[in-house]
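Have a look at the structure below, then the notes.
Computed from the coordinates by the stated procedures, all read-outs in this text should not be read as laboratory data. Quick caveat, the model's predicted, so the values are computed rather than measured. Because the Cβ atoms are built from the backbone with ideal geometry, glycine has one as well, and the counts that use them run over all protein chains shown.
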Amino acid sequence: MNRAIVIGAGLGGLATALRLAARGWRVTICERSASPGGKMNRWCAAGCTFDTGPSLLTMPWVFEELFADIGERITEQVRLISVHPLAHYVFADGEQFAHSALLPDWLATVRRLERGRADGFLRYLTLGSRLFELSKATFFRSSPFDRPNPAALSALKYLPLRHAWGSYAATVNHFFRDTHLRQMFLRYPTYVGSSPWRVPAMLSVIPFVEYAYGGHHIEGGLYTLIEALTRLLCARSVEIRLNADVVAIEKKAGRVAAVRLADGERLRADVVVMNGDVSRAPALLGRPGSNSLPESERSLSGVVFLWAIRGRLEGQSHHTVFFSADYPREFGELFDDRRFPTEPTVYVNLPGRTDPTMAGPETEPMFVMANAPANDADAWDAPMIAEARRRVLARLHAGGFPEVESRIVAESVWTPRRLADTYDMPGGAIYGTHSHGRRRAFLRPPNRDWRVAGLYFVGGSTHPGGGTPTVLMSARIVCDQIGTDIRHPAR
């Protein structure tokens, strides 16, 4: 039986281990933390349940496919709940609206803002649909470094000839005249930790996917998915080692041979799958002069406040975004000045609006996040956290959100520093590298190491990128590559 070691028990690592176990591999997962899940984790306080990482699922069929591939049904493991509306948007000038997945409702909103017209949105949706069909057969199914298959070549018929190759921001501005709709659609590149002014227009696939296939919550919180995967792994005799920090990947004759843990234990392996930031691999391989990912290449990090609020926040949506007044300045501060924005855009997630099981009898969970740069030198000490908290609360107050500071009965704060230390991510960069420019957007670090046979990479820092569905895609791609390489070992 072939032996696989998976470094990291994040979503990508768990999914890879499940697929390999289903194909007859003997799998061991080594996780440096005390619980599986990686960034998709959980915190409980004051009767409330919090997801500490992702807060929305898209492309539900990707999750269904994972369970089906191992002979299971997702409906027997977790319950997906559609979120309506997708989000509520509040702007600095007082404008606000709900982003509804119901086309008649959303078109009415678009026409109100676009002076009676909705053709720009419909043409943008058409562009997104073509990009999606192209991506589904190519980018989502295999690595661009692999040999293209006939299905990928036939998908080239969906290749848009216009509006897909320039600037994402320029494309949004072409299809929309209203400044509020422009700002709303400019937000989507932050889903991969990037600036809308620096990514290619091909990323217009992101808003299409969310609108066309909706946003979903999992009853009990997204960590319920991690619990389900863990149960299935145990049922398939996959060993999950917690508090097991891998400090080295050993190789022999150009191929992986084993991993070494911090306590000195050595685990033999035929393949090693790293579910961590790809930039950490050279150090584990002992390559001299290997450095962390440079700050200029990192995706965004974030500051997250988890607040258990006394009482109920009536009249609020599950997801609300409070936009800053000057979006270009905000991203200039994030990527050029590399500092927390003077006026941050603030995202609020109230899962109790959709899922009462996450709230306490007299409390409600509130997840609040603002983007931040992934810097090594930022201390994120008490004064810095207090200032970020003040700016976040000021944006909420200006947007008409109820006063909550006096109602906080429990709090947990996640800063870029804490993310970096907990998950071994350079500066707390949530998505590894940013997606600025075509090369970084579409030629992300490959899923296999070309210098060391048997070493593979899965997760948000590798192809096809960040986000829960794309992480699961990377797991499928890696398992397919492993199968191909085992059958045809000469590369």
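Laid out as a table, the results:
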{"quantity": "Separation of the Thr75 and Glu227 label points, Cα + 7 Å toward Cβ, nm", "calculated": "2.2"}
{"quantity": "Translational diffusion of the chain, µm² s⁻¹ [Kirkwood Rh, Cα pairs; Stokes-Einstein; 10 °C; 1.306 mPa s]", "calculated": "68"}
{"quantity": "Mean Cβ neighbour count within 10 Å, used as a protection proxy, ranking 379-388, 324-333, 297-306, 25-34 highest first", "calculated": "297-306, 25-34, 324-333, 379-388"}
{"quantity": "Gain upon complete extension [Ala379, Ala253; 0.36 nm per residue less C-alpha separation]", "calculated": "41.1 nm"}
{"quantity": "Between 0 and 90°, nearest 10: helix 60-69 axis offset from the chain longest Cα axis", "calculated": "20"}
{"quantity": "Residues Val471, Val259, Val90 arranged by fewest to most Cβ contacts within 10 Å", "calculated": "Val90, Val259, Val471"}
{"quantity": "Computed label-point distance, nm, for sites Arg439 and Thr179 using a 7 Å Cα→Cβ extension", "calculated": "3.7"}
{"quantity": "Cα long-axis angle, helix 11-22 against the chain (0 to 90 degrees, to the nearest 10)", "calculated": "40"}
{"quantity": "Amide H contacts of Ile240 (H built 1.01 Å from N, under 5 Å, at least 5 apart or other chain)", "calculated": "Ile29"}
{"quantity": "Taking Phe50, Phe175 and counting other C-beta atoms within 10 Å, the order from fewest to most", "calculated": "Phe175, Phe50"}
{"quantity": "Contour minus Cα-Cα distance for Arg3 and Asp424 (0.36 nm per residue)", "calculated": "149.0 nm"}
{"quantity": "Neighbour-count order for Thr171, Thr433, fewest beta carbons within 10 angstrom listed first", "calculated": "Thr171, Thr433"}
{"quantity": "Histogram of C-alpha separations across segment 309-366, 10 Å bin width, %", "calculated": "23, 34, 22, 20, 1"}
{"quantity": "Simple label model, 7 Å out from Cα along Cβ direction - Arg268 to Arg236, nm", "calculated": "2.3"}
{"quantity": "³J(HN,Hα) computed for each position of segment 403-409 - Karplus, 6.51 cos²θ - 1.76 cosθ + 1.60, integer Hz, glycine/proline x", "calculated": "5, 10, 4, 6, 9, 6, 10"}
